[in-house]
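Single-structure report; data block below.
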Amino acid sequence: MFSNNRFANAPFDLKVRDPLKIVFYRLSIQSPRDIEREIAMTIFNLQERVAFITGGNGGIGLGMAKGLAAAGASIVIAGRDKTKGQSALSELRLLGAQAEFVDLDVLKEASCHQAVQDAVERFGRLDILVNNAGTTVRKQPEDLTAQDWHLVMDTNLTSAFLCSQAVYPHMVRAGGGKIINIGSMMYVFASSYATPYAASKGGIVQLARSMAVAWAKDNIQVNAILPGWVDTELTRKARVQVQGLHEKVLERTPAQRWGDPNDFAGIAVFLAAPASNFITGAAIAVDGGYSVQA
Ligand code: NDP
């Protein structure tokens, strides 16, 4: 990416290959117009990176996939629903991205490992994992069955552990990687109809922190995103099941609107790019101010 002779006088060792040191040195020797281009091309540049997004065939996952694609990453949409998957691929390819669909049922350990293997076979590497697949069962705690509990915990939490474990050796081989876990406001707040969901979202943030500590030595950064209320298939059902939810969300959210899946494009790029190389174990709210409203 960088030609060595341009850095003959650079005050650092190029062998360290720290992209930020390199970009700051380049900025110091360039014109303002070049600087703008340079920033876009380096600290947020995802060219030659491959991103694997669980449940990325719609909703927030697809919003993030579009951001990653726009920054130059190749995209693997890993999911169950092939029809939704094909339509996601069309959207991503319109952005000029290389994009492929792989079958994944996050409830099955073997499927998590196979999907990662399929992705690596297609693209030769894997640099970014977004643990996005999620579901919920909206019942009072006393009415939940053990099956309801396991469905939500396994889809939202165990899957993130299994997929992270599956990508780990590939990230180590690539010299590092980025893992992004999708949490929720339910990591901080609670609701009577979201017992396993809130438990799983608390868990996925702690999982991110634990993996961040364990894998920092491998140059793998692991962070969590905490979405506010976002208009997707998941919440369209909630609006029907929970009376007055729509109005409550508008009233409570300082931005006075529901989030849109595309609102997650920017944070995905930031957490997947060299720009966030010293950020790990963080949980970042993307919620229109919901979590800071008194
Ligand atoms: P969607 O329903 O659009 O997305 C959920 C995705 O998870 C779907 O693509 C779904 O695939 C996939 N999925 C579910 N079960 C499995 C499985 N067993 N194997 C593979 N994929 C599976 O909703 P959102 O975009 O809203 O949700 C994305 C993430 O964001 C979830 O983790 C959710 O908890 C989280 N979130 C959402 C919020 C919101 O307000 N919308 C707020 C906070 C967090 P399929 O189409 O095949 O069912």
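The values are calculated or read from the model by the stated rules, or taken from the named source; none is laboratory data. The model shown is predicted, which means the values in this text are computed figures rather than measured ones. So basically every Cβ, Gly included, is an ideal-geometry build from the backbone, and we count neighbours across all protein chains shown.
Quick one: count up the residues across the range 89-105 that are of a type in the set (A, V, I, L, M, F, W, C), closer than 19 Å to residue 133 by Cβ and more than 9 Å from the ligand (Cβ to nearest atom).
Residues meeting the conditions: 5.
Right, residue 116: more than 14 Å from the ligand (Cβ to nearest atom), crowded, with 23+ Cβ neighbours inside 10 Å and assigned by TED's automatic domain parsing to the domain that holds residue 218 or not?
So residue 116 fails the test.
Condition check ((1) closer than 29 Å to residue 44 by Cβ; (2) in contact (Cβ under 8 Å) with a residue 60 or more places away in the chain; (3) more than 15 Å from the ligand (Cβ to nearest atom); (4) buried (at least 16 other Cβ atoms within 10 Å of the Cβ)) across all residues:
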{"position": "248", "(1), (2), (3), (4)": "no, no, no, no"}
{"position": "254", "(1), (2), (3), (4)": "yes, no, yes, no"}
{"position": "263", "(1), (2), (3), (4)": "yes, yes, no, yes"}
{"position": "275", "(1), (2), (3), (4)": "yes, yes, yes, yes"}
{"position": "280", "(1), (2), (3), (4)": "yes, yes, yes, yes"}
{"position": "286", "(1), (2), (3), (4)": "yes, yes, no, yes"}
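Quick one: which of 134, 176 is of a type outside the set (D, E, K, R), under 17 Å from residue 234 (Cα atoms) and within 18 Å of the chain's Cα centre (by Cα)? Write out each step before concluding.
Working: 176 fails: under 17 Å from residue 234 (Cα atoms).
None of the others qualify; the one that does is 134.
Among the residues of the range 262-281, write down those that are within 28 Å of residue 248 (Cα to Cα) and more than 12 Å from the chain's Cα centre (by Cα).
Matches in the range 262-281: 262, 263.
Tell me, which residue of the range 160-188 that is free of Cβ contacts under 8 Å to residues at least 60 places away in the same chain and not in a helix (DSSP H, G or I) is farthest from residue 46 (Cα to Cα)?
The residue in question is 184.
Could you list, in sequence order, all residues of the range 266-294 that are over 30 Å from residue 217 (Cβ atoms) and either out of contact with any strand residue (DSSP E or B) (no Cβ under 7 Å at 6 or more places or on another chain) or in a loop (DSSP other than H, G, I, E, B) (or both)?
Within the range 266-294, the first condition is being over 30 Å from residue 217 (Cβ atoms), and the residues that meet it are 287-294.
Passing the criteria: 287, 288, 289, 290, 292, 293, 294.
Filter the range 207-240 down to residues that are in a strand (DSSP E or B) and aliphatic (A, V, I, L, M) and give me whichever is nearest to the ligand (Cβ to nearest atom). So that I can check it myself, show each step before the final result.
So the first thing to find is which residues in the range 207-240 are in a strand (DSSP E or B), and the list is 220-227, 230.
Going one step further and asking which of them are aliphatic (A, V, I, L, M), we end up with 220, 222, 224-226, 230.
Values: 220: 21, 222: 16, 224: 10, 225: 8, 226: 7, 230: 4 Å.
That would be 230.
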